[in-house]
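Here the structure comes first, spelled out in structure tokens, and everything after it is commentary.
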Amino acid sequence: MQEKIHWHILGAGAIGSLWACYAYQNAVPATLILRSDSRLQAYRQAGGIMAKLGALALQLPVPVTSPSLITKPIEHILITTKAQQTLAAITAIEHQLAEKAVIVLLQNGLGIAEMLSQRYPQATLLQASTTEGAYRQSLFSLVHAGRGNTQLGQSKTLLAETQQTPLDHDELANIARSLSLGPLGMTVSDNIDDVLWQKLAVNCAINPLTVKYRCRNGELLDNPVALAELEAVVAEIAQFDASPEYPDLLATVRHVAANTALNRSSMLQDIEAGRPTEIAFISGYLCQLAEQHRIPVPMNRQLLDEIKRLSAANQH
Ligand code: KPL
């Protein structure tokens, strides 16, 4: 029988905690890496993660560690940190990261994969995108709020730019299977670049506009001014060669806004809590690419500037 892969999960936010809880529930070996020894202490005092998984509310003693306590090389790591926290988080554990580690990046925004592939050229870097809905009520209290799906793949764009070895479909399927922790499913996408680009469009449109209008995701569809701006954001993104066509992209964004109608976007939650946002890796990434390719993206630029300004005024 094939030995089960032991995953380390870096990033104990909602998505990282979600995978860690279902790993525990499925008796799959996984360790959640907390950011510091003091967090570890707080976790021990809490006695685990209080998880509301559908109708079940359970206290789960999920295995955890902290960067200073990791003694064995990490061969498989699922990164679920916010984009802006990734470099600091991985630097803290890189003394134990195996040279040929398999790294799965599951986060909003783009740009981090390129940085990681330069920094760890021997590693196998995979990317994933999820529509599972989860949020934390407090540090160690998690709600699995909505069922979705998760796709995994190896970016062809990144493969073309680096010396990474391409994995075949069976190898990818094996990794996806090991991260499919009932009821969380993970499937292989043969075009993860397309999936990530669609997710970028969703986040460029919904996240900053929900901050601008201080509204829930679905309310963007009911407000004609916000909807016109959402359409402008998407039309600008559709100009890029790598992008899916405008009607498909717009249909995806509208579908996600309708499906998550009652959600407050992660960016709105960050702004309201005075936390840094992911804007630099969402609209910021897009505007940088637009500059390189001389593509006009005035609506995205305006939203980038507005969120940056609000963030600077808002952090407490
Ligand atoms: O990814 C999201 C986010 O809030 O960051 C969406 C899909 C917009 C759901 O709220």
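Table for the structure above
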{"quantity": "Using alpha-carbon coordinates, inclination of helix 298-314 to the longest axis of the chain, degrees", "calculated": "60"}
{"quantity": "Residues whose placed amide H lies under 5 Å from that of Asn263, excluding near-sequence neighbours", "calculated": "Asn217, Gly218"}
{"quantity": "Percent carbon-and-sulfur accessible area, region 7-190, ignoring ligands, DNA and RNA, probe 1.4 Å", "calculated": "53"}
{"quantity": "Percent RCO, i.e. relative contact order, over the chain, from Cα pairs under 8 Å lying at least 6 residues apart", "calculated": "14"}
{"quantity": "Extended-chain gain in nm, criterion 0.36 nm per residue less alpha-carbon gap, Arg294 and Gln118", "calculated": "60.8 nm"}
{"quantity": "Cα→Cβ-extended label distance, 7 Å offset, between Asn149 and Ala235, nm", "calculated": "3.1"}
{"quantity": "Ratio of the Cα radius of gyration of the chain to 2.2 N^0.38 Å, where N counts its residues", "calculated": "0.98"}
{"quantity": "Accessible area of Thr165 in the full protein assembly, 1.4 Å probe (Å², nearest 10)", "calculated": "100"}
{"quantity": "HN-Hα J in Hz across region 192-209 - Karplus 6.51, -1.76, 1.60, θ = phi - 60°, x for Gly and Pro", "calculated": "5, 4, 5, 4, 5, 5, 5, 5, 4, 4, 4, 6, 5, 8, 6, 4, x, 5"}
{"quantity": "In sequence order, calculated HN-Hα J values of region 44-52 (Karplus, 6.51, -1.76, 1.60; Hz; x Gly/Pro)", "calculated": "5, 5, 6, x, x, 9, 7, 10, 9"}
{"quantity": "Debye intensity ratio in log₁₀ form over the Cα atoms of region 194-314, taken at each q of 0.09, 0.15, 0.18 Å⁻¹", "calculated": "-0.21, -0.60, -0.87"}
{"quantity": "³J(HN,Hα), Karplus 6.51/-1.76/1.60, whole Hz, each residue of region 145-162, x for Gly, Pro", "calculated": "8, x, 7, x, 9, 10, 10, 10, x, 10, 5, 6, 4, 5, 4, 5, 8, 10"}
{"quantity": "Percent antiparallel among DSSP beta bridges (both partners in the chain, rounded to 5)", "calculated": "35"}
{"quantity": "Probe 1.4 Å - accessible area at Ser243, Å² to nearest ten", "calculated": "20"}
{"quantity": "16 Å Cα-Cα reach of Lys212 towards lysines, excluding residues that sit fewer than 8 places from it in its own chain", "calculated": "Lys308"}
{"quantity": "Heavy atoms of Glu291: accessible area, 1.4 Å probe, square angstrom to 10", "calculated": "130"}
{"quantity": "Inverse of mean 1/r across different Cα pairs in region 7-190, Kirkwood, Å", "calculated": "16.6"}
{"quantity": "Additional length obtainable on full extension of the chain from Gln41 to Glu94, 0.36 nm per residue less Cα span", "calculated": "16.9 nm"}
{"quantity": "The chain, accessible area per residue, ligands and nucleic acids excluded (1.4 Å, Å²)", "calculated": "47"}
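The values are calculated or read from the model by the stated rules, or taken from the named source; none is laboratory data. Since we're looking at a predicted model, the values are computed, not measured. Neighbour counts run over all protein chains shown; Cβ positions are idealised from the backbone, glycine included. For accessibility, only protein heavy atoms count, side chains too; no ligands or nucleic acids. Shrake-Rupley method; radii C 1.70, N 1.55, O 1.52, S 1.80 Å.
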